[in-house]
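The values are calculated or read from the model by the stated rules, or taken from the named source; none is laboratory data. Worth saying up front: this structure is predicted, and the values here are computed from it rather than measured. Because the Cβ atoms are built from the backbone with ideal geometry, glycine has one as well, and the counts that use them run over all protein chains shown. Heads up: the accessible areas ignore ligands, DNA and RNA and are worked out on the full protein's heavy atoms, side chains in. Shrake-Rupley method; radii C 1.70, N 1.55, O 1.52, S 1.80 Å.
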Amino acid sequence: FFFQAEDGIRDVERSRGLGDVYKRQEYMGFQLQNSGMILKHFSRVVSRGIAPTFCSFSTKSLNAAVLLAGCGRLDGSEIHESVSCLISLSRNGFKYDCFSLNKAQHDVINPITGGRINEERNLMIESMRISRYKVKEIKDLKASDYDALVVPGGSGVAKNLCNFLLKGINFTVVPEVEATLKDFAGLKKPIALCCIAPVIAARVFGKKHGGPGLKMTMGKTEAPSWPFGTTLAACKALGNELVHLDSTEFCFDEVNNVYTCLLYTSDAADDTPCVDLGGRRIIKK
């Protein structure tokens, strides 16, 4: 899946998204390829309002809500994943709004040392570093106003939107976040979760807590490239069906209309030859 970018063209329409800012330059990169593949399929489901089909896109304007958890892979939303999702949404016919919780994030981590920094940061303020435009408070998110919900990954998702990284299998989901997922599911609207974010859906929809059970992926169990075997075990123990997939694949639960994918869940993602941001090619090898 490829994108095109155009230098120097700035779109002032707030809801158009990053895909209209950069056009006509060859777009490469693992993150965009994976999120774009999901969202191309995703948009067809939304635009038709039925089971997946590979027909032409609807001309209906699609609107997505994107839930962020700060900024940065160690204490917030993973930046590569989040930006890739925003670009892919735009390129697949979606306008979007970003949402977050209006509270202090669990911790602040120095990305160089991995050590904690003794300061407090607000999730909405930090999330706006990714979104560029105003981030809305989750309490104002109404599923009826949107066609789909997207949740990128990052350690902050598992510390701020839920406390999985703190409590393990006995974790809970922030009530507003749980209510948001249930609202979208109740209206049969698609939900897409990336990287660690599927653990939220595993808790919300898992049979252990009264849900229908979810068909989902959290990658594979083989170490060292797949170091999150305990996460898979936790999701399964919550009453969900785990599908072992590779980094370039995604899982679609047709019954619950939920998409899950891996992105940086695998260490192999760091071995990709190129990560492309904003139309500028950054060569890693």
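Just checking, which of Ser90, Ser100, Ser127 is hydroxyl-bearing (Ser, Thr, Tyr), free of Cβ contacts under 8 Å to residues at least 60 places away in the same chain and within 23 Å of Lys188 (Cα to Cα)? If you could, list the steps in order and put the result at the bottom.
Working: Ser90 fails: free of Cβ contacts under 8 Å to residues at least 60 places away in the same chain; Ser127 fails: within 23 Å of Lys188 (Cα to Cα).
Just one listed residue meets the conditions, Ser100.
Exactly one of these conditions fails for Val255: (1) assigned to a loop (DSSP other than H, G, I, E, B); (2) within 17 Å of the chain's Cα centre (by Cα); (3) among the β-branched types (Val, Ile, Thr). Give me its number.
(2)
Hey, can you tell me all the residues within region 148-171 that are over 16 Å from Ser77 (Cβ atoms) and open to solvent by less than 30 Å² (accessible area, probe 1.4 Å)?
Ala148, Gly168, Phe171
From the list Leu214, Leu181, Leu242, Leu238, pick out the single residue that is open to solvent by 20 Å² or more (accessible area, probe 1.4 Å) and modelled with pLDDT of 90 or more. Spell out how you get there, then give the answer.
Details: Leu214 fails: open to solvent by 20 Å² or more (accessible area, probe 1.4 Å); Leu181 fails: open to solvent by 20 Å² or more (accessible area, probe 1.4 Å); Leu238 fails: open to solvent by 20 Å² or more (accessible area, probe 1.4 Å).
Unique residue meeting the criteria: Leu242.
If we keep just the residues of region 166-185 that are in contact (Cβ under 8 Å) with a residue 12 or more places away in the chain and among the aliphatic types (A, V, I, L, M), which is farthest from Val108 (Cα to Cα)? Talk me through it step by step, then tell me what you get.
The initial filter retains those residues of region 166-185 that are in contact (Cβ under 8 Å) with a residue 12 or more places away in the chain, namely 166, 168-169, 171-174, 176-178, 180-185.
Narrowing the set further to residues that are among the aliphatic types (A, V, I, L, M) leaves 166, 169, 173-174, 177, 181, 185.
Working: Leu166: 15, Ile169: 23, Val173: 20, Val174: 19, Val177: 21, Leu181: 26, Ala185: 32 Å.
Across region 166-185, the extreme among qualifying residues is Ala185.
Just need a number here: residues in region 91-117 that are surrounded by 16 or more Cβ atoms within 10 Å (Cβ to Cβ), of a type in the set (D, E, K, R) and farther than 25 Å from Asn256 by Cβ.
2
Pull up region 149-173, narrow it to residues that are within 12 Å of the chain's Cα centre (by Cα) and in a strand (DSSP E or B), then point me to the one that is farthest from Thr230 (Cα to Cα).
That would be Leu149.
With the condition kept exactly as written, say whether any residue in region 187-208 is in contact (Cβ under 8 Å) with a residue 60 or more places away in the chain, part of a helix (DSSP H, G or I) and open to solvent by 10 Å² or more (accessible area, probe 1.4 Å).
no
Would you pick out the residues in region 118-137 that are open to solvent by 30 Å² or more (accessible area, probe 1.4 Å) and assigned to a loop (DSSP other than H, G, I, E, B)?
Across region 118-137, the qualifying residues are Asn118, Glu119, Glu120, Arg121, Arg132, Tyr133, Lys134.
If you check Leu68, Leu74, which single one turns out to be within 25 Å of Gly219 (Cβ to Cβ), modelled with pLDDT of 90 or more and open to solvent by 10 Å² or more (accessible area, probe 1.4 Å)? Show your work before the answer.
Numbers: Leu68 fails: open to solvent by 10 Å² or more (accessible area, probe 1.4 Å).
Residue meeting the stated conditions: Leu74.
So which residues in region 138-148 are touching a helix residue (DSSP H, G or I) at 6+ places or on another chain (Cβ under 9 Å) and in a helix (DSSP H, G or I), if there are any at all? Break it down into steps so the answer makes sense when it comes.
Our first condition is that a residue be touching a helix residue (DSSP H, G or I) at 6+ places or on another chain (Cβ under 9 Å); within region 138-148, this holds for 138-139, 141-144, 146-148.
Passing the criteria: Ile138, Lys139, Ala143, Ser144.
Only one of Val108, Val151 is among the β-branched types (Val, Ile, Thr), over 26 Å from Ala233 (Cβ atoms), out of contact with any Pro (no Cβ under 6 Å at 6 or more places or on another chain) and in contact (Cβ under 8 Å) with a residue 24 or more places away in the chain; which?
Only one candidate passes the filter, namely Val108.
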